[in-house]
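Participant: Below you'll find the structure I mean.
Computed from the coordinates by the stated procedures, all read-outs in this text should not be read as laboratory data. Worth saying up front: this structure is predicted, and the values here are computed from it rather than measured. Quick reminder, even Gly has a Cβ in these numbers, built from the backbone with ideal geometry, and neighbours come from all protein chains shown.
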Amino acid sequence: MTTQLPPGLQLEKVDERIMTLNVGPQHPGSGHMRLIVQVDGDYIVACDPDPGYVHRGEEKMCEYRNYITNIPHLERPVIHDSCNILYPYCLAVEEILGLEVPERAKYVRVIASELNRCVYTMYWLAIYGIFLGHSTMFMWPMGDRELLIDLLEKITGARVTHAYFVPGGVRNDLPANFEDVCLRQVNYFEKRIKEYADIFYDNPILISRTENTGILSRQDAIRLGTTGSVLRASGVDFDIRKKEPYDVYENLDFQTNVLQSGDSYARSKIPWLDMFESCRIIRDALRKMPKSGSVRVKLKPNPKGGDVEVYRRVESGRGALGMHVISKSKPEPYRVKISVGSFRNLICIPYLLRGEKLGNMPAVYWSLNYWPVEADR
Amino acid sequence: MSVIAPKFRLGYFIKALLDNIFWAVVLLTLAGIPAIMILLFYIDLPIIDGQILTPFLAFTWMTHPEMSVPLVKAFMQTDFFRIAAFPGFGFGALLAAGVIFVERKMLAKLQLRVGPFYCGKVEGILQLMSDGIKLLTKEIIIPAKADKPIFWVAPLLFVGTAAAFVSLIPVAPKTVVADIDVGLLAVFAIIGFFPIITVLSSWSANSKYPFIGGIRALHQMISFEIPLILSLLGVVILTGTLNLSEIVESQATYWWIAFLPVGAIVFFIAMLAELERIPFDLPEAESEIVAGWLTEFSGMMYGLVQLGSYLKLYAFAGLFVVLFLGGWQGPMVWPPFPEEIVTEGITMGPVTAQIPGLPLFSQEMLNGTLWFILKTAAVIFFILLPRGVFPRIRIDLLLHVGWYRLIGLSFVNIFIALGLLYAGVLGPEGIL
Amino acid sequence: MGTASGIIKALNSGIKHLAVKRFTLRYPEQKLKFVGDGYQYDPTTGVGIAGYKGRHILFHDKCTGCQLCAIACEGVAEAIAMVKVNENWKHNKKAIMPQIDYGKCVFCGLCVDACPFYALYMTNDYELSSFTKEGLIYTPSQLQVKPQVQQDAEIQIDDRGASHG
């Protein structure tokens, strides 16, 4: 019995040697996305990433809400990094509405966004650990993340979806004697992440698994338009906090970490090294912060902007995160375009995985610092 | 075509009952009684106090406290008890259950968390039991296109093979299920069954991920069997025997690990690979191939495979202790059994219970078992520890380690053993 | 020999951490302590007061039924509905007050920012689960109740590691 195929459809010719594996969306080794992997034995012939399972239409939703009510839904793509995804939006809307942010609010924003970057990186690191079969590296970051979540909860009043940044500053001031608690927990956090070196980053088995796998050369990294830790692991010194400093980053003392090798090991090490810099920034910001002052400018109930277009970008946990906001003299933005680091790093997957072994797939895939929900927006 | 159940009528019910009784009586007379007769004819009944222990006599004695103790003692000498309970399956399964609990608690402690906590009031000590009950009550789902007979039988085969492995491990002097002269060869033969069972189960599941996992397991087990076997040749060269009990007895003054540390390390690493434990758990790598060859198992079939793999872990740890750490050898720490309990009985207040025939176990055996368990626990600790410390290794690195490094090292070990033998330091006619 | 020393270092680190304190909050027995009594907002300065964003508390003697909270919730969660209450207040002629559906609320606190009369705050109460969907809808009289919370666990840090004391 043969079924008549509708015109235009053809049965795909199946190669006997090549087996197609659907890694995801219901697979422990994928996020909310699918990797269509074709394997010849244990070698990957081709890999086609298939995102879009958690598309939410964030950009369209922005066009029906005013500048303030856009805040809660805009942080949904990356709830672990919600301060950083709101940061470019707030910067752009401040530009549109012509708001001058108070000095103390800028420092509070930097502290909150650095804490949030560490929270995100710890979550990512935990999943990287479990992808490589290292169960301790899943539990430790998940536990130590709690130290920073506790701090963020003290500042913002919520554990993950903070809704803390608003155009014109932040929602509330830091609680009383926050500095002591923050210094104590951040110092302990830094001591803890130093201990990851022995068990994870200096572990010879990990190095043998991730070194020289999925090498992205400097030229390719620039050509493919990667960003964030992937770019810095390939030897390009590019960090928006340094290159285009926003708020008070130019006053703060930190450095960017650059590794030259461009393999999975370097890509997985850059976020870990960045966490030490984040701790430095937090301590420096706590020291340099004005001790009192307002943290939010008062806003009219339904603010309207002029006919302007603004593009602002920040360095998030996954690289450059930009928002292009177009205002047409209405309370709602005319258009909000979100450009995320995850989606720009996703394009590397077919290039990096071709010719690799199947065992390298999780190590390479998750080292791209990719967050499926953010990529789909 | 479904059959509609007829309406209930008392006549049908009584007829059905009578039918069942009739067929039961017929089957019992035609098949049951001859079977019992044949069984009694072929089995050697034990002789206790000069009497042949017929079933009738056994049941009479069970009601008599003075006679039941020698009966129990006689039962403990039987092969059935050895296989099912003490040095065999039951003992191994008990230790395996302990290993699972200790593994979960220790891993939790290493990872700064609590682990099983609420089940059983004290630190979750009954967690394993509740897990077992859960697995028993779960539905067993079999893939539609699986090769059903092989798929069903694979977990049973796995447990059976692991139990056969356990039966070769001597726990204490004269306490071993199968004390055979080719003990070590039998161990190698049994280890050789595991890859076959793994491949059969993964192939019969007719699914992608189990198949890849099964092929990986086959690669891994076969390539690590060679260093595993070669690393033990040093011990065989020095002792001149394959009997495991005799190998233990040869270590009365010093343990082989003192002279053959290279062999011990190679054997330990190869053992981890054979057990599919982290860092060599490629056949079950969950981020690449879901759960490897265990993907399609569900319910108690999965539980059986887990039981088998932990039995295997205990057996390998026991083998390491037997070959390198002196087995049951150790200073006598078990207190001697007081003689007056046997002669005068135990006095508890007004009641005096006289139990002739005690003790059931000898002092040497209990002491040996104690030392064996202590050493095995130490080895198991080092088998469990890498799970919290190392990530998973990659298949090509794994094979590289197996074929290039470990085989070379095991040859070095053999040369060390031969050198010690021909220099006249060790061996049957050595100076030590 | 770098490999061997790395492996030994990793094993050593693993064994050392067997002695570090467990870092687990045993939730139903222990509850984390929060800053203050919950998120509040001061409309005169336009700045909030730090606190946990939990269930709301509604002060009936201050609510004027102006619906600003319901308007603020439009487009966010649409969880607030204004309902009639059987109360007579001079400042609340329409006798309407917010009713909040916690099946929809996202706890962003923008309704608190919208209230100009100090009538709607948030509290530390986060245990809102219910067996029915209707049980998640809190009427103005339910929102009036001040929650009783027992939250006293804090992160303690000492030489043997952090723990929830």
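Participant: Averaged across the residues of A:153-162, what count of C-beta atoms belonging to other chains lies within 10 Å of each residue's C-beta?
Facilitator: 6
Participant: What is the list of residues in segment A:208-229 whose amide nitrogen lies under 19 Å from a point 7 angstrom out from the Cα of C:S5, following Cα to Cβ?
Facilitator: Once the point is set 7 Å along Cα→Cβ of C:S5, A:208 turn out to lie under 19 Å by backbone N, inside segment A:208-229.
Participant: Would you order A:W371, A:W124, B:W152, B:W61 from fewest to most other beta-carbon atoms within 10 Å of each residue's own beta-carbon?
Facilitator: Ordered by Cβ neighbours within 10 Å, fewest first: B:W152, B:W61, A:W124, A:W371.
Participant: Excluding residues fewer than 8 places away in the same chain, name every one of the lysines whose C-alpha is closer than 28 Å to that of B:K109.
Facilitator: Within reach: A:K191, A:K194, A:K269, B:K121, B:K134, B:K312, B:K375, C:K9, C:K16, C:K21, C:K31, C:K33.
Participant: With θ set to phi - 60° and the Karplus curve 6.51 cos²θ - 1.76 cosθ + 1.60, what are the ³J(HN,Hα) couplings of segment C:66-72 in order, to the nearest whole Hz, using x for Gly and Pro?
Facilitator: 7, 6, 5, 5, 5, 5, 5
Participant: Using only the alpha carbons of segment C:36-117, what is the convex hull's orientation-averaged projected area in square nanometres?
Facilitator: Averaged projected area of segment C:36-117's Cα convex hull equals 5.5 nm².
Participant: Please compute the length gained on full extension between A:Q255 and A:Y201, using 0.36 nm multiplied by the number of residues separating them and subtracting their Cα-Cα distance.
Facilitator: Extending this stretch completely gives an extra 17.4 nm.
Participant: Another question, then. Run the dipole for chain B about the Cα centre, Lys and Arg Cβ at +1, Asp and Glu Cβ at -1, nothing else charged, and hand back the magnitude in debye, nearest 20.
Facilitator: I would put it at about 1620 debye.
Participant: Answer with one residue from A:V160, A:I215, A:L183: the one whose Cα lies farthest towards the positive end of the charge dipole of segment A:140-293, charges on Cβ with Lys, Arg +1 and Asp, Glu -1.
Facilitator: Positive-end residue among those listed: A:V160.
Participant: Could you please rank A:V297, A:V336, A:V325, placing first whichever residue has the fewest other Cβ atoms within 10 Å of its Cβ?
Facilitator: By the 10 Å Cβ count, ascending: A:V297, A:V336, A:V325.
Participant: For the protein assembly as shown, give the magnitude of the charge dipole about the Cα centre (Cβ charges: +1 Lys/Arg, -1 Asp/Glu; no others), in debye to the nearest 20.
Facilitator: 2940
Participant: State the Cα centre-to-centre distance between segment C:97-165 and segment C:1-58 in whole Å.
Facilitator: Spelled out, the Cα-based centre of one part sits 19 Å from the other.
Participant: Next question, about the same structure. In the protein assembly as shown, what % of DSSP beta bridges are antiparallel (nearest 5)?
Facilitator: That works out to approximately 95 percent antiparallel.
Participant: Using θ = phi - 60° and the Karplus relation 6.51 cos²θ - 1.76 cosθ + 1.60, list the HN-Hα couplings for segment A:305-315 in order, rounded to whole Hz, with x at every Gly or Pro.
Facilitator: Whole-Hz 3J(HN,Hα) from phi for segment A:305-315: x, x, 8, 9, 10, 10, 10, 10, 9, 10, 8.
Participant: Right, something else. 7 Å from Cα along Cα→Cβ at both B:V333 and A:E63: what's the point-to-point distance in nm?
Facilitator: Using points 7 Å along Cα→Cβ, the separation is 7.8 nm.
Participant: So, one more: Work out the FRET efficiency for C:Q151 and C:L128 from their Cβ-Cβ distance, taking R0 = 22 Å, and round it to the nearest 0.05.
Facilitator: Calculated value: 0.90.
Participant: Could you size up the charge dipole of segment A:56-342 around its Cα centre, putting +1 on the beta carbon of Lys and Arg and -1 on that of Asp and Glu, and report it in debye to the nearest 20?
Facilitator: 620
Participant: For segment A:101-253, calculate the relative contact order in percent as a whole number, restricting contacts to Cα pairs under 8 Å that are 6 or more residues apart.
Facilitator: Once divided by the residue count of segment A:101-253, the mean separation gives 20 percent.
Participant: Would you mind giving the mean number of other chain beta-carbons within 10 Å of the Cβ of each residue in C:5-12, as a whole number?
Facilitator: Counting Cβ atoms of other protein chains within 10 Å of each residue's Cβ and averaging gives 6.
Participant: Ranked highest first by average number of other Cβ atoms within 10 Å, how do A:81-89, C:139-147 line up?
Facilitator: A:81-89, C:139-147
Participant: Give a quick list of chymotrypsin sites (Phe, Trp or Tyr not before Pro) in segment C:104-163 that DSSP marks as loop, anything other than H, G, I, E or B, with at most 16 other Cβ atoms within 10 Å.
Facilitator: Passing both the DSSP loop test and the Cβ count: C:F117, C:Y118, C:F131.
Participant: Determine the distance separating the Cα centre of segment B:224-295 from the Cα centre of segment B:94-132; give it in Å without decimals.
Facilitator: Answer, in whole Å: 27.
Participant: Can you compute the FRET efficiency between C:T45 and A:H55 using 1/(1 + (r/R0)^6), with r the Cβ-Cβ distance and R0 = 41 Å? Round to the nearest 0.05.
Facilitator: The value I calculate is 0.50.
Participant: Next up: Compute the distribution of all C-alpha to C-alpha distances in segment A:56-342, in bins of 5 Å from 0, and list the percent of pairs in each, rounded to whole numbers.
Facilitator: Percent of Cα pairs in each bin: 1, 6, 12, 16, 18, 17, 13, 9, 5, 2, 1, 0.
Participant: Follow-up. What nm distance separates the two modelled labels at B:W152 and A:N177, each placed 7 Å from Cα along Cα→Cβ?
Facilitator: Going from the B:W152 label point to the A:N177 one covers 7.0 nm.
Participant: Using a Förster distance of 45 Å, how high is the FRET efficiency between B:T137 and B:A252, based on the Cβ-Cβ distance and rounded to 0.05?
Facilitator: Approximately 0.35, to the nearest 0.05.
Participant: Other chains' Cβ within 10 Å of A:188-199 residues: what's the mean?
Facilitator: Mean number of neighbouring Cβ atoms from other chains: 4.
Participant: Under a plain spin-label model, where a point goes 7 Å from the Cα along Cα-to-Cβ, how far apart in nm are B:F381 and B:I180?
Facilitator: About 3.5 nm separates the two model spin labels.
Participant: Do you know the relative contact order of chain A, to the nearest whole percent, from alpha carbon pairs under 8 angstrom that are 6+ apart?
Facilitator: The normalised contact order for chain A reaches 26 percent.
Participant: Still on this model: Normalising by the residue count of segment C:13-165, find the relative contact order in percent from Cα pairs under 8 Å and 6+ residues apart.
Facilitator: 32
Participant: Just to confirm my numbers, what's the Cα centroid distance between segment A:138-192 and segment A:342-369 in Å?
Facilitator: Segment A:138-192 and segment A:342-369 have Cα centres spaced 32 Å from each other.
Participant: Oh, and also: Test of understanding: ordering A:M61, B:M221 by Cβ neighbours within 10 Å, fewest first, what list do you get?
Facilitator: The fewest-first ordering by Cβ neighbours comes to A:M61, B:M221.
Participant: Evaluate Rg over Rh across the protein assembly as shown, taking Cα atoms for both radii and Kirkwood's formula for Rh.
Facilitator: 1.06
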